[in-house]
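Peer 1: Before I ask anything, here is the structure I am working with.
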Amino acid sequence: MQHLIRTDDFSTEEILALYNDADLYAQGGFHRILQDRIIITLFFENSTRTRSSFEIAAKRLGAEVVHLDVGKSSTKKGETLVDTAMNLDAMGPDAIIVRHANAGVPKILSNHTRAAIINAGDGAHAHPTQALLDLFTLRKHFGDVGGKRIAIVGDIKNSRVANSNIELLQRFGMKVTLVSPPQFMPQTDLPSTYHLQDVIDNVDAIMSLRTQTERHSQPSYASLQDYASDFCITKELVGDRDIIILHPGPVHRNIDIDDDLLADERCKVLEQVSNGVSVRMAVLKKLILDGNR
Ligand code: CP
């Protein structure tokens with residue numbers, strides 16, 4: 001059984017095939033190929049986009065979705081995560097989609113299930129379907145992304161989205177620069193700067209990230225407004241440059257990206273969300289139908 005824990009679980013050829021399917025699905029070319037299949041969503045952290053779009057993706061392909069409300073589950077009575085996963089797996093689902101605050105949880109669970117485990121975000125480690133939909137969105141705009149320059153801006157150190165994108169975007173030939181204040185900068189061999197002005201004339205795309213206060217052990221900025229004065233991507237900063245703007249959501253308006261730029265056609269945030277459904281449809285089809293059960 002193939003699982004999706006990190007972007008490098010899929011080869012480049014597999015991703016290109018996945019995108020062919022996602023292109024078809026985006027044009028309405030899908031059937032109930034997952035009829036009679038069961039998918040469980042197991043979210044130990046909040047979600048708007050990832051959970052809903054997986055659920056819509058599954059339903060568009062005819063699958064049934066069972067959501068376990070973890071707040072009311074037997075994990076609250078002391079059942080371990082592995083036992084929870086093994087018990088759910090014993091009911092015969094085809095896939096279990098997992099989000100957890102601790103890095104490594106989906107990988108551990110994948111050692112105990114027959115069902116495909118899909119990582120919907122684990123701590124600051126990985127969010128593979130987010131990166132897959134981000135690259136899909138970039139390819140929609142640029143075609144071949146090889147040689148295109150992207151700045152990833154914000155709380156990179158705490159971002160699973162950044163980790164997954166750094167692997168995937170570079171694999172497809174993009175030139176990645178990291179932009180953040182020192183406390184949000186990971187140890188890196190990539191080009192990096194603490195100043196947006198250093199990159200604004202030399203990028204084709206900017207990926208803004210949310211400040212992940214839930215992962216900070218102590219306040220890392222006097223206020224989000226202080227952070228915004230240095231790192232908010234504003235329409236004034238971008239000017240008339242030919243740059244597209246991405247953000248995985250949820251967006252802190254006027255902290256990550258300002259209202260004017262969010263309303264600008266160069267901002268692809270809602271396109272990312274739409275693409276997330278077709279990319280996740282392709283992921284479900286690949287792991288459930290093309291998997292080696
Ligand atoms: N991008 C993302 O993971 O959003 P949610 O937290 O709303 O799922």
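Peer 1: Which one of these does Ile118 not meet: (1) closer than 21 Å to Val251 by Cβ; (2) within 16 Å of the ligand (Cβ to nearest atom); (3) buried (at least 22 other Cβ atoms within 10 Å of the Cβ)?
Peer 2: Every listed condition holds for Ile118 apart from (1).
Peer 1: Being more than 21 Å from Leu81 (Cα to Cα) and within 11 Å of the ligand (Cβ to nearest atom) is the filter here, so list the residues in segment 48-57 that pass it. Before you say what the answer is, go through the steps one by one.
Peer 2: Within segment 48-57, the first condition is being more than 21 Å from Leu81 (Cα to Cα), and the residues that meet it are 48-49, 52-57.
Scanning segment 48-57 gives Thr48, Arg49, Ser52, Ser53, Phe54.
Peer 1: Shifting gears a bit: In the list Val199, Val251, Val203, Val238, which residue meets the criterion of being in contact with a strand residue (DSSP E or B) (Cβ under 8 Å, 6 or more places away or on another chain), surrounded by fewer than 18 Cβ atoms within 10 Å (Cβ to Cβ) and hydrophobic (A, V, I, L, M, F, W, C)? Steps first, please.
Peer 2: Numbers: Val199 fails: surrounded by fewer than 18 Cβ atoms within 10 Å (Cβ to Cβ); Val203 fails: surrounded by fewer than 18 Cβ atoms within 10 Å (Cβ to Cβ); Val238 fails: surrounded by fewer than 18 Cβ atoms within 10 Å (Cβ to Cβ).
Within the list Val199, Val251, Val203, Val238, the selection yields Val251.
Peer 1: Check segment 265-274 and report whether any residue there is within 16 Å of the ligand (Cβ to nearest atom), assigned to a loop (DSSP other than H, G, I, E, B) and either closer than 30 Å to Asn20 by Cα or at pLDDT below 95 (or both).
Peer 2: Within segment 265-274, the subset within 16 Å of the ligand (Cβ to nearest atom) is 267-274.
If we keep only those that are assigned to a loop (DSSP other than H, G, I, E, B) as well, we get 268.
Right, trim to either closer than 30 Å to Asn20 by Cα or at pLDDT below 95 (or both) and you get 268.
Yes, some residue in segment 265-274 is within 16 Å of the ligand (Cβ to nearest atom), assigned to a loop (DSSP other than H, G, I, E, B) and either closer than 30 Å to Asn20 by Cα or at pLDDT below 95 (or both).
Here's the yes/no breakdown for (1) under 24 Å from Arg49 (Cα atoms); (2) assigned by TED's automatic domain parsing to the domain that holds Phe30; (3) not polar (S, T, N, Q):
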| residue | (1), (2), (3) |
| --- | --- |
| Ser220 | no, no, no |
| Ile233 | yes, no, yes |
| Asp240 | no, no, yes |
| Ile245 | yes, no, yes |
| Asp256 | yes, no, yes |
| Ala263 | yes, no, yes |
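Peer 1: Taking the options Glu79, Glu45, name whichever one is away from the ligand (no atom under 16 Å from the Cβ) and charged (D, E, K, R).
Peer 2: Criteria check complete, one pass: Glu79.
Peer 1: What number goes with the only condition from (1) in the same structural domain as Asn20 (by TED's automatic domain parsing); (2) within 15 Å of the ligand (Cβ to nearest atom); (3) charged (D, E, K, R) that Lys285 does not pass?
Peer 2: (2)
Peer 1: Would a scan of segment 134-149 turn up a residue that is within 13 Å of the ligand (Cβ to nearest atom) and either within 21 Å of Tyr227 (Cβ to Cβ) or not small (Gly, Ala, Ser) (or both)? Break it down stepwise before answering.
Peer 2: Filtering segment 134-149 for residues within 13 Å of the ligand (Cβ to nearest atom) gives 134, 137.
Among the residues that remain, those that are also either within 21 Å of Tyr227 (Cβ to Cβ) or not small (Gly, Ala, Ser) (or both) are: 134, 137.
Among the residues of segment 134-149, at least one is within 13 Å of the ligand (Cβ to nearest atom) and either within 21 Å of Tyr227 (Cβ to Cβ) or not small (Gly, Ala, Ser) (or both), which makes the answer yes.
Peer 1: Could you tell me which residue of segment 131-168 is surrounded by the fewest Cβ atoms within 10 Å (Cβ to Cβ), considering only residues that are touching a residue at least 40 places away in the same chain (Cβ under 8 Å) and β-branched (Val, Ile, Thr)?
Peer 2: Thr137
Residues checked against (1) touching a strand residue (DSSP E or B) at 6+ places or on another chain (Cβ under 9 Å); (2) surrounded by 19 or more Cβ atoms within 10 Å (Cβ to Cβ):
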residue	(1), (2)
His3	yes, yes
Arg6	yes, yes
Glu13	no, no
Leu18	no, yes
Asp21	no, yes
Gly29	no, no
Ile33	no, no
Asp36	yes, no
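Peer 1: How many residues are part of a helix (DSSP H, G or I) and either out of contact with any Leu (no Cβ under 8 Å at 6 or more places or on another chain) or within 23 Å of Arg215 (Cα to Cα) (or both) when one looks only at segment 137-179? Steps first, please.
Peer 2: Residues of segment 137-179 part of a helix (DSSP H, G or I): 137-142, 156-158, 160-171.
Subset that is either out of contact with any Leu (no Cβ under 8 Å at 6 or more places or on another chain) or within 23 Å of Arg215 (Cα to Cα) (or both): 139-142, 156-158, 160-167, 170-171.
Number of matching residues: 17.
Peer 1: Scan segment 218-237 and give yes if some residue there is closer than 12 Å to Asp155 by Cβ and assigned to a loop (DSSP other than H, G, I, E, B), otherwise no.
Peer 2: Looking only at segment 218-237, we keep the residues that are closer than 12 Å to Asp155 by Cβ, and these are 220-221, 224, 227, 231.
So of that shortlist, the ones also assigned to a loop (DSSP other than H, G, I, E, B) come out as 220-221.
Yes - at least one qualifying residue is present in segment 218-237.
The values are calculated or read from the model by the stated rules, or taken from the named source; none is laboratory data. Computed from a prediction, not measured in an experiment: that's the story for all the values here. Don't worry about glycine lacking a Cβ; one is built from the backbone with ideal geometry, like all the others, and counts go over all protein chains shown.
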